Amino acid sequence: MRPGRRLIGRALALSLVLTTVAAGTATAAAASPPPSGGSTFGPNVTVFDPSMPVSEIQAKLDATHAAQVDAEMAPNRYAFMFKPGTYGTAEQPLQIKVGYYTEIIGLGAAPTDVLINGKVEVYNRCLADGGTSNCLALVNFWRGLSNLSININSAGQDGCRGSANFWAVSQAVSMRRLNITGANLSLMDYCTAGPQYASGGFIADSKLPFVVSGSQQQWLTRNSEVAGWSNAVWNQVFSGVVGAPDESGFPATPYTTLATTPISREKPYVYVDAKGKYFVRVPSAQKNTSGVSWANGMTPGRSIPLSDFYVAKPGDSITKINLALTLGKHLLLTPGVYDIPRSIEVRWPNQVVLGLGLATLTAVNGSIPLDVAGVPGVVIAGVAIDAGTKESPVLLRVGKEHGLNFSDPGNPTTLSDVYFRVGGPHIGKADTALQVNSDNVLIDHTWVWRGDHGVEGFTEGVNGDTQRWRTNIGRYGAVINGDNVTATGLFVEHFQKYNTVWNGDKGTTILYQNELPYDPPTQADWMNGSVKGYAGYKVGDKVRTHNLYGAGVYVFNQNNPSIHTENGFEVPNRPGVKLHHIMTVNLSAGVIDHVVNGVGEAADTTKIGAPVFITDYPAP
């Protein structure tokens, strides 16, 4: 669509707003102070300098990890930033362990500007026998690592720990803009007791050594370089990756490999220049690319001085935040939990909302925490959004559901590392988590999660599961109504109706991971009219063109193992709707009768952990 009278009217309306709020401009600017080191970003951001003693840096990081390693549902949020330079030595490596709600960030213009001699790691959590057994990574969520180099140095660690840099994680964890050299990178922790399971993750824009995939069930690596890749479990997806394994052996070797990524935009990142001034680099969108964005110099894009951002801290007035956005400021959310009684409104093309340390927006009184206008080029990155105890219609809305939206295929509105949670730290309620109404939107890594466990109102056992089904309300995970929407890394789990509904035409998803809800009490509670259950991925009946690459739907009807779901995927039977490398898998309870549209064997308890694959649908 082309801008017309609606945009002219919007500009006239803004001139009236500017007239009436001019007196508030100084207040808005005062809330976004000039850069002055770590204090600029609030009390939960620590900025390290290479002149600091390694022991001092190590002690600070160790103390935070000790507090956060088991803090799965806790409110604290942290970011650790490293100014350009070298940290750690051959004799005294810096060994960083990353816990929940913690982000490790290099502040260089390129990943090679910050070098960690040592390791940056996540290990299994051992959940039984006083922390000695039932060791796994299935709940190692919500953390990040970006924009630095790691020269893997295991000095002082035992033989097993010295064999790799371990990054044993599952959903809502990203690795971006990394340059890793030395020993292997392992995506599982094989040094603890079993079962050592891990389930899903994301890497982008990185140069990696040999990667041990290990127990990782599904994984997306995008626009990167790898020296080698060891194995695959259910599906490992590569898009625009130099050195990626060939997919021709599928499903015996379950790799899905795209030579290039059809459209990509790297996540914005903070950097500091030689004069000590802070900027946010906002990469531009690229089409049909492979390899890293920084191979030939600075990642293409634009640099925005931090002074052009409203730097928000938890407790700031939403009115003040929206005033700054209306006046054309961008928004940087420092680490913490923000109660959102009314929408944060992003209204202008090319505005940026960047969160640090998994800054979390929590709906209050049924609000829509983040509402993005139907304009091109908006970037939302590094933000988590929680449902509140009163039902919200949606948690993040992009574009109007009814009315005109404007977009640009060369400058898509982009969501990078945006995570959703309905329940967990408290009962949550939302009809829909993510709703995309605009055309030409890019979703680059998201986890949309209706909590299957948590602390308040999440009693274990059958009665607890029944309680959760009735009170922790999340009907739809992702609803995509816009045309020409692309998702690279779409993880959606446990919603009570369709986890993903894709109504827009010309959509593309590269890696989809889904678990159906664990907790329907009866088959009657899990019916879609006369159909048993809801598919994990639904393409709308009117869609004429759609492409899905590398997708899995899992079933674990823990509350009632007799429950059936008719299809893992449900799509219109048209030549332009194509599914490539899809599967269903049984995790030990319940049944998915077919993979897609009545095709494919049942994923039942005779095939626990053994996927039912379909290479292409419709068959060529």
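The values are calculated or read from the model by the stated rules, or taken from the named source; none is laboratory data. If you're wondering where the values come from, they're calculated on a predicted model, not measured in any experiment. When we count neighbours, we look across all protein chains shown, and the Cβ atoms used for this are built from the backbone with ideal geometry, even at glycine.
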Does N547 count as under 22 Å from R222 (Cβ atoms) and either surrounded by fewer than 20 Cβ atoms within 10 Å (Cβ to Cβ) or in contact with an Asp or Glu (Cβ under 7 Å, 6 or more places away or on another chain) (or both)?
yes
Which condition from (1) in contact with a Gly (Cβ under 8 Å, 6 or more places away or on another chain); (2) in a helix (DSSP H, G or I); (3) among the small types (G, A, S) is the one that S55 breaks?
(1)
What are the residues in region 266-291 that are over 26 Å from T334 (Cβ atoms), in contact with a Lys or Arg (Cβ under 8 Å, 6 or more places away or on another chain) and assigned to a strand (DSSP E or B), if any?
Q286
Could you tell me whether region 103-117 includes any residue that is buried (at least 23 other Cβ atoms within 10 Å of the Cβ) and more than 30 Å from G276 (Cβ to Cβ)?
no
Residues being in contact with a Pro (Cβ under 9 Å, 6 or more places away or on another chain), farther than 23 Å from A79 by Cα, in a strand (DSSP E or B) and polar (S, T, N, Q) - total across region 103-161:
1
Name, by its number, the condition in (1) part of a strand (DSSP E or B); (2) buried (at least 23 other Cβ atoms within 10 Å of the Cβ); (3) touching a Leu at 6+ places or on another chain (Cβ under 7 Å) that does not hold for E345.
(2)
In region 599-620, what count of residues is obtained for those that are under 16 Å from G552 (Cα atoms), in contact (Cβ under 8 Å) with a residue 12 or more places away in the chain and either part of a loop (DSSP other than H, G, I, E, B) or out of contact with any Asp or Glu (no Cβ under 6 Å at 6 or more places or on another chain) (or both)?
14
Qualifying positions in region 528-581 - among the basic types (K, R) and outside any strand (DSSP E or B):
K542, R544, R574
Can you name every residue in region 271-300 that is of a type in the set (G, A, S) and buried (at least 19 other Cβ atoms within 10 Å of the Cβ)?
A285, S290, S293
Take the conditions in the same structural domain as S154 (by TED's automatic domain parsing), surrounded by fewer than 17 Cβ atoms within 10 Å (Cβ to Cβ), acidic (D, E) and at pLDDT 95 or above and apply them to D70. Does it pass?
yes
State yes or no: is Y310 out of contact with any Pro (no Cβ under 9 Å at 6 or more places or on another chain), in a strand (DSSP E or B) and aromatic (F, W, Y)?
yes
Residue check for K542: of a type in the set (D, E, K, R), touching a strand residue (DSSP E or B) at 6+ places or on another chain (Cβ under 8 Å) and in the same structural domain as V595 (by TED's automatic domain parsing)
no
So which of Y498, Y512 ends up being in contact with a strand residue (DSSP E or B) (Cβ under 6 Å, 6 or more places away or on another chain), closer than 19 Å to V555 by Cα and part of a strand (DSSP E or B)?
Y512
Subset of region 170-196 (residues that are hydrophobic (A, V, I, L, M, F, W, C), farther than 21 Å from Q157 by Cβ and assigned to a strand (DSSP E or B)):
V173
Is at least one residue of region 302-324 among the hydroxyl-bearing types (S, T, Y), buried (at least 19 other Cβ atoms within 10 Å of the Cβ), over 22 Å from the mean Cα position of the chain (by Cα) and farther than 24 Å from K400 by Cα?
yes
